[in-house]
There are 2 protein chains.
Amino acid sequence: MKKFVNDPASFVPEMMEGLIMANPDKLKYVKEFNIIYRADLNPADKVPIVQGSGSGHEPAHIMAVGKGMLDAAAPGNVFAAPPVDFAYECLKLMNSEKGVLYIVNNYQGDKMAWEMAKEMAEAEGIKVGAMVIDDDVAVQDSTHTFGRRGVAGNFFAIKACGAASESGATLEELVALGNKVNDNVRSMGIALTSCTPPAKGEPIFQIGEDEMEVGVGIHGEPGRRRDKIRSADEIVEEIFDAVHKDLPFQSGDRVALMINGLGGTPISELYILYRKAAQLCEANGLNVVRNYVGEYCTSLEMAGASLTLLKLDQELEELLAAPAECPIRVF
Amino acid sequence: MKKFVNDPASFVPEMMEGLIMANPDKLKYVKEFNIIYRADLNPADKVPIVQGSGSGHEPAHIMAVGKGMLDAAAPGNVFAAPPVDFAYECLKLMNSEKGVLYIVNNYQGDKMAWEMAKEMAEAEGIKVGAMVIDDDVAVQDSTHTFGRRGVAGNFFAIKACGAASESGATLEELVALGNKVNDNVRSMGIALTSCTPPAKGEPIFQIGEDEMEVGVGIHGEPGRRRDKIRSADEIVEEIFDAVHKDLPFQSGDRVALMINGLGGTPISELYILYRKAAQLCEANGLNVVRNYVGEYCTSLEMAGASLTLLKLDQELEELLAAPAECPIRVF
């Protein structure tokens with residue numbers, strides 16, 4: 001296994017300890033429940049926003065904890081939903097009179113954990129809002145999902161809701177805002193390689209030396225088809241077309257464009273993809289107001305990338321431009 | 001070849017075009033000489049700082065172009081020094097009455113290109129300062145190097161000199177500052193996999209499924225030895241020890257600690273390495289004042305990482321803390 005790892009069972013907590021040690025003034029860690037949260041937060045000041053899905057997608061979501069982004073994260077093990085009690089303890093820790101919002105991607109395990117935690121918290125009088133992201137246009141239903149999967153578009157929901165929460169938005173306003181992001185964001189990804197969860201010790205799927213998986217999920221779920229690897233430009237044309245048609249985006253739209261690396265693809269290649277994606281936006285009359293090139297939601301060391309488009313309005317533009325402080329670069 | 005690429009011959013210019021398209025207000029590109037430079041720069045205002053080495057190490061160095069960092073970069077093809085005329089045109093473009101400083105890592109090809117360009121520019125009355133980084137403690141002399149290689153420690157020279165230049169430092173002061181950084185910075189890396197330059201189409205070296213290269217160079221140059229992969233903590237112990245002893249760092253030193261990914265290693269693993277490195281700093285009495293976990297100087301999609309320690313004084317601490325704006329996250 002070509003990984004820097006000690007005991008695979010301690011992969012997640014050791015990663016989180018490293019993150020805390022690198023940010024001793026900004027982040028705190030509750031090891032018992034694997035919860036990371038903002039050191040400077042007073043939950044009474046705002047509606048705290050939390051997330052907890054499987055690990056292995058870093059920087060999502062533990063490195064998105066910080067002012068103007070997430071207030072806490074309670075991740076599970078690699079590609080595994082958090083235990084219900086982790087999610088429940090996270091909601092309790094973030095308990096605020098203004099309520100707490102959780103944002104998760106659309107996977108059955110994550111949704112179930114947080115829905116149960118929400119019920120438990122509500123039974124104690126905690127007001128909990130829920131927000132589910134399903135931006136992946138590749139397939140309807142999937143290995144771990146009914147409906148569409150949630151992938152890198154989640155970043156935009158966190159960024160927008162995080163900024164709005166800092167400005168005093170209510171829980172109801174944040175849920176509506178998160179839904180607006182989800183209604184206007186679309187993604188699709190391509191994998192060139194598989195990846196190896198530390199505890200499994202072998203790749204989660206097999207793929208030929210000359211093959212790619214078109215529309216891959218971030219846990220290696222099958223996409224639309226297996227195909228021979230094509231040129232970078234041809235690949236972007238296909239995923240751009242799928243994303244563009246789906247909303248559909250229209251000439252004159254102002255958009256945010258993200259090229260997200262899946263973990264094993266160097267940033268040089270991401271900029272080659274960005275080049276073609278930006279050309280296609282221009283050719284289709286889309287005005288790229290903000291762009292994001294880098295790793296936001298990965299699949300361990302998978303070689304691959306995804307393209308995300310978000311249709312903007314004035315409110316979203318202002319929220320994306322608002323300052324934020326976390327280990328991910330958010331501009 | 002598991003890469004997003006069109007024609008391998010256009011890998012570098014397409015990557016640079018993508019970077020320019022993502023930063024249209026901040027960066028400009030001279031395609032003929034493959035020079036990227038700050039759109040907002042008036043070379044008369046300061047001593048411009050430039051760099052040009054082989055590509056394939058992104059974000060180094062083209063994504064380090066921006067206010068408070070590099071003013072221009074003239075990279076060569078993947079793992080190849082820039083042609084002399086690219087370096088020469090870069091010096092001419094950045095020509096300032098205050099002089100121009102170039103910073104390169106210690107590889108024969110890069111040094112030769114910039115020394116020749118310096119002579120040509122000086123013959124036209126341009127004042128040129130030179131700064132060579134050789135922070136890699138792994139080996140003395142190497143495939144492309146007499147003496148030690150330069151690796152991720154280069155980032156600290158760029159950051160310090162970039163900040164000092166913005167504050168009005170002279171060319172002579174910047175050369176002295178860069179040398180101070182180089183005198184106080186030490187690095188060493190480990191590779192778990194090889195990498196594949198697009199034009200070559202096959203890995204630059206072979207390595208077994210259970211092997212690692214201890215002290216690898218950023219072009220795949222051999223290190224100290226080939227060994228069986230060990231645990232993350234054991235790996236960090238070895239490279240920390242090599243780096244720590246070399247200066248030597250001493251109890252009470254204030255340091256910057258960098259864990260740099262070589263391109264194919266996900267950030268989750270880098271934080272696992274950071275955890276142990278920070279523990280070893282504490283155990284050895286080193287006070288980690290600033291830390292950097294991410295990709296700074298890579299080798300395409302190589303799985304691997306390097307550890308860099310920089311001994312700080314008040315001047316360096318202030319320069320590292322100074323604001324900077326470029327596509328790399330610099331804090």
Subject >> Å² per residue, accessible surface of the protein assembly as shown at 1.4 Å >> reply: 34
Original post:
Over the Cα atoms of the range B:106-161, how large are the radius of gyration and the largest Cα-Cα distance (Dmax), in Å?
Top reply: 13.0, 39
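Hey, got the dipole for the protein assembly as shown? About the Cα centre, +1 on K and R Cβ, -1 on D and E Cβ, debye to the nearest 20?
100
Give, as a single signed number, the net charge of other residues whose beta carbon lies under 11 Å from the beta carbon of residue B:254, with Lys and Arg counted +1 and Asp and Glu -1.
Within the 11 Å Cβ shell, the charges total -1.
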**OP:** Taking the Cβ of residue A:264 as the centre, find all other residues whose Cβ is under 14 Å away and add up their charges (Lys, Arg: +1; Asp, Glu: -1).
**Re:** -4
Original post:
log10 I(q)/I(0), Debye, Cα-only the protein assembly as shown, no solvent, q = 0.05, 0.09, 0.11 Å⁻¹?
Top reply: -0.21, -0.71, -1.08
Subject >> Top positive-direction residue, dipole computed over chain B with Cβ charges, set B:69, B:132, B:34 >> reply: B:69
Original post:
Hey, how many Å between the Cα centroid of the range A:253-273 and the Cα centroid of the range A:194-251?
Top reply: 14
Original post:
So what is log10(I(q)/I(0)) for the range A:134-197 at q = 0.22, 0.27, 0.29, 0.30 1/Å, when the Debye sum runs over its Cα atoms only?
Top reply: -0.91, -1.11, -1.18, -1.21
**OP:** Report in % the part of the accessible area of the range B:11-183 that belongs to carbon and sulfur, leaving out ligands and nucleic acids; probe 1.4 Å.
**Re:** 51
Original post:
Taking the Cα centre of chain A as origin and charging only Cβ (+1 Lys, Arg; -1 Asp, Glu), how large is the dipole, in debye to the nearest 20?
Top reply: 200
**OP:** Could you grab the relative contact order for the range A:44-131? Cα pairs under 8 Å, six or more apart, rounded to a whole percent.
**Re:** 32
**OP:** Within the set of other residues whose C-beta is less than 14 Å from the C-beta of residue A:116, count the net charge using Lys and Arg as +1 and Asp and Glu as -1.
**Re:** -4
Original post:
Expressed as a whole number of Å, what is the distance separating the alpha-carbon centroids of the range A:128-181 and the range B:170-184?
Top reply: 49
**OP:** Quote the relative contact order of chain B in percent (integer), defining contacts as alpha-carbon pairs under 8 Å separated by 6+ residues.
**Re:** 18
Original post:
If you put +1 on each Lys and Arg Cβ and -1 on each Asp and Glu Cβ, how big is the dipole of the range B:185-321 around its Cα centre, in Debye rounded to 20?
Top reply: 100
Original post:
Average projected area of the Cα convex hull of the range A:185-321, in nm²?
Top reply: 8.3
**OP:** Just the number, please: Stokes-Einstein D of the range A:212-293 in µm²/s, Kirkwood Rh from C-alpha pairs, 4 °C, 1.567 mPa s.
**Re:** 96
Original post:
Put simply, what bits of the range B:286-301 lose 20 Å² or more of accessible area when the other protein chains are there, versus the chain on its own (1.4 Å probe)?
Top reply: B:291, B:295, B:300, B:301
**OP:** Quick one: which residues, 5 or more positions from residue A:129 or on another chain, have an amide H under 5 Å from its amide H? H modelled 1.01 Å from N in the peptide plane, none for Pro or chain starts.
**Re:** A:100, A:101, A:102
Original post:
What shape does chain B have by the C-alpha gyration tensor, where a ≥ b ≥ c are the square roots of the eigenvalues, rounded means a/c under 1.5, and otherwise prolate means a/b greater than b/c and oblate the rest?
Top reply: oblate
**OP:** Before rounding to the nearest 500, sum -39500 (n - 2.57) across all DSSP H runs of length at least 4 in chain B and divide by the residue total; then give [θ] at 222 nm in deg cm²/dmol.
**Re:** -10000 deg cm²/dmol
Subject >> Over the range A:11-183, relative contact order from alpha-carbon pairs under 8 Å, at least 6 apart, % >> reply: 20
**OP:** Could you tell me the distance between the Cα centroids of the range A:292-316 and the range A:24-48, to the nearest Å?
**Re:** 25
**OP:** Enter the per residue convex hull volume of the range B:47-206, computed from alpha-carbon coordinates, in Å³ rounded to the nearest integer.
**Re:** 104
**OP:** Work out which helices of chain B, taken as complete DSSP H runs, extend at least 15 Å along their axis over the Cα atoms and score a mean Kyte-Doolittle of 0.5 or more, then list them.
**Re:** B:11-22, B:154-166
Original post:
So, with a 1.4 angstrom probe, what is the percent of accessible area on the range A:247-297 that is carbon and sulfur?
Top reply: 37
Original post:
Counting only protein heavy atoms and rolling a 1.4 Å probe, how much accessible area do B and A lose on contact, total for both sides, in Å² to 100?
Top reply: 4600
**OP:** Go ahead and set up a Gaussian network model of chain B, Cα springs under 10 Å, then flag whichever of B:96, B:306, B:165 fluctuates most.
**Re:** B:96
**OP:** Identify, among A:158, A:113, A:178, the residue whose Cα sits farthest towards the positive end of the charge dipole of chain A, taking +1 on the Cβ of Lys and Arg and -1 on the Cβ of Asp and Glu, with the dipole about the Cα centre.
**Re:** A:158
Subject >> 1.4 Å probe, heavy atoms, protein only - residues of the range B:1-33 losing at least 50 Å² accessible area vs chain alone >> reply: B:2, B:4, B:6, B:14, B:21, B:22
Subject >> Computed over the range A:1-130, Cα set: Rg, Dmax in Å >> reply: 14.0, 47
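The values are calculated or read from the model by the stated rules, or taken from the named source; none is laboratory data. Because the structure is predicted, anything quoted here is derived from the model rather than measured. Note that each Cβ is placed from the backbone with ideal geometry, even for glycine, and that neighbours are counted across all protein chains shown. What goes into the accessible areas is simple: the full protein's heavy atoms, side chains included, and nothing from ligands, DNA or RNA. Shrake-Rupley method; radii C 1.70, N 1.55, O 1.52, S 1.80 Å.
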